[in-house]
Amino acid sequence: MEVYEKIRFLRESKNWSQEEMAEKLNMSLSGYSKIERGDTKVSIPKLKKIASILETDLMELMFLGEKHVYLISENSNNGCNIIGSPAELAFENQKLQLINELKDKELALQQREIENQKKQIAQLEEINALLKKNA
């Protein structure tokens, strides 16, 4: 999928017309239409602006559909459509599982740190009590 096709796909997934997108970019409808048809080269700054408006980053825009899976929420019926090949879905699933494992390990470390800090607080309170008693 070419970048101009991805731009059109993301715009349509938001149910925006070309007119709305052109307005958001402060450009003419014909100028924007040329982008979606692939009739004009788009500068990196313009691509960054398009990505921002479409609420994605530049790299995601440039690589959409090649290695990534996108979940598009449809507000009208609270349903979702998953876009991607089975291999992409398997890759994304494995990636998310690894991210979850990492987050779980980080959480366990944070919980241990909290317990250590609670013990230190208790020890400091004991020292404080002893100092007050001896004063």
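The values are calculated or read from the model by the stated rules, or taken from the named source; none is laboratory data. The model shown is predicted, which means the values in this text are computed figures rather than measured ones. Cβ coordinates were reconstructed from backbone atoms using ideal geometry, including for glycine residues, and neighbour counts include every protein chain displayed.
Would you mind finding the one in LYS119, LYS49, LYS132 that is modelled with pLDDT of 90 or more and under 17 Å from the mean Cα position of the chain (by Cα)?
Result: LYS49 is the single residue among LYS119, LYS49, LYS132 that is modelled with pLDDT of 90 or more and under 17 Å from the mean Cα position of the chain (by Cα).
Among the residues of the range 47-60, which ones are outside any helix (DSSP H, G or I), surrounded by 10 or more Cβ atoms within 10 Å (Cβ to Cβ) and either free of Cβ contacts under 8 Å to residues at least 12 places away in the same chain or charged (D, E, K, R) (or both)?
Result: ASP57, single match.
Quick check: is even one residue across the range 79-98 at pLDDT below 65 and of a type in the set (Val, Ile, Thr)?
Yes, because at least one residue in the range 79-98 is at pLDDT below 65 and of a type in the set (Val, Ile, Thr).
Tell me which of these GLY31 doesn't satisfy, since it passes every other one: (1) surrounded by fewer than 16 Cβ atoms within 10 Å (Cβ to Cβ); (2) assigned to a loop (DSSP other than H, G, I, E, B).
Of everything listed in (1) surrounded by fewer than 16 Cβ atoms within 10 Å (Cβ to Cβ); (2) assigned to a loop (DSSP other than H, G, I, E, B), GLY31 misses just condition (2).
Scan the range 87-108 and report the pairs whose first residue is at negative phi and whose second residue is small (Gly, Ala, Ser), with Cβ atoms within less than 8 Å and a gap of 6+ or a chain change.
Once the first residue is at negative phi and sits in the range 87-108, its partners that are small (Gly, Ala, Ser) give GLU92/GLY84.
Output the residues belonging to the range 1-15 that are out of contact with any Leu (no Cβ under 9 Å at 6 or more places or on another chain) and either part of a loop (DSSP other than H, G, I, E, B) or modelled with pLDDT of 95 or more (or both).
Answer for the range 1-15, where residues must be out of contact with any Leu (no Cβ under 9 Å at 6 or more places or on another chain) and either part of a loop (DSSP other than H, G, I, E, B) or modelled with pLDDT of 95 or more (or both): GLU2, ASN15.
Does ILE44 satisfy being surrounded by fewer than 16 Cβ atoms within 10 Å (Cβ to Cβ), under 26 Å from the mean Cα position of the chain (by Cα), in the same structural domain as GLU60 (by TED's automatic domain parsing) and under 18 Å from THR56 (Cβ atoms)?
Answer is yes for this residue.
Which is modelled with pLDDT of 85 or more, in a helix (DSSP H, G or I) and over 22 Å from the mean Cα position of the chain (by Cα), of GLU113, GLU101, GLU106?
Every option except GLU113 fails the conditions.
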